[in-house]
Amino acid sequence: QVQLVESGGGLVQPGGSLRLSCAVSGTAFSTYVLGWYRQTPGKQRDLVATISSGGSTTYADSMKGRFTISRNNLVRTVYLQMNNLKPEDTAVYYCKATKYGLEFWGKGTLVTVSS
């Protein structure tokens, strides 16, 4: 069974930075496609960024240049570095691991951007 645990959320002022982490249990971590998503109340969960097993990355347009996804296969963790945060980035951030069409989700971490 694959389990994901996010951490690193919190309250930050506009223009500030946060780094989210997602620790992934289970075997074959290096083969997973990993992603970060976010959701606000009453809205669908939206893609933030993904990273393949080979390290290729994709980003939602509004995050390009501000957010960076990375992974460390040795410690089975995926990261999301978020810079120049804006109030509209306020959301619960979730990480997802995908392999062979199976999806595994964490429970999320809340990021609040406010002065």
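So here's what we get for this one:
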quantity	calculated
Debye log10 I(q)/I(0) at q = 0.10, 0.17 Å⁻¹ for the chain, Cα point scatterers	-0.26, -0.75
Carbon + sulfur, % of accessible area of the stretch 30-115 - ligands and nucleic acids excluded, 1.4 Å	50 percent
With DNA, RNA and ligands ignored, accessible area of Ser62 (1.4 Å probe; Å², nearest 10)	70 Å²
Positive minus negative residues near Gly108 (Lys, Arg vs Asp, Glu; Cβ under 12 Å)	+3
Surface per residue (accessible, 1.4 Å probe) for the chain, Å²	54 Å²
Exposure of Ser53 as accessible area (Å², to 10), given a probe of 1.4 Å and all protein chains	60 Å²
Eligible lysines near Lys86 by straight Cα distance, threshold 21 Å, same-chain separation 8 or greater	Lys43, Lys64
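The values are calculated or read from the model by the stated rules, or taken from the named source; none is laboratory data. The structure presented is a predicted model; accordingly, all values stated were derived computationally and were not measured. Here the Cβ is made from the backbone with ideal geometry for all residues, glycine too, and neighbour counts use every protein chain on show. In case anyone asks, the SASA skips ligands and DNA or RNA and just uses the protein heavy atoms, side chains included. Shrake-Rupley method; radii C 1.70, N 1.55, O 1.52, S 1.80 Å.
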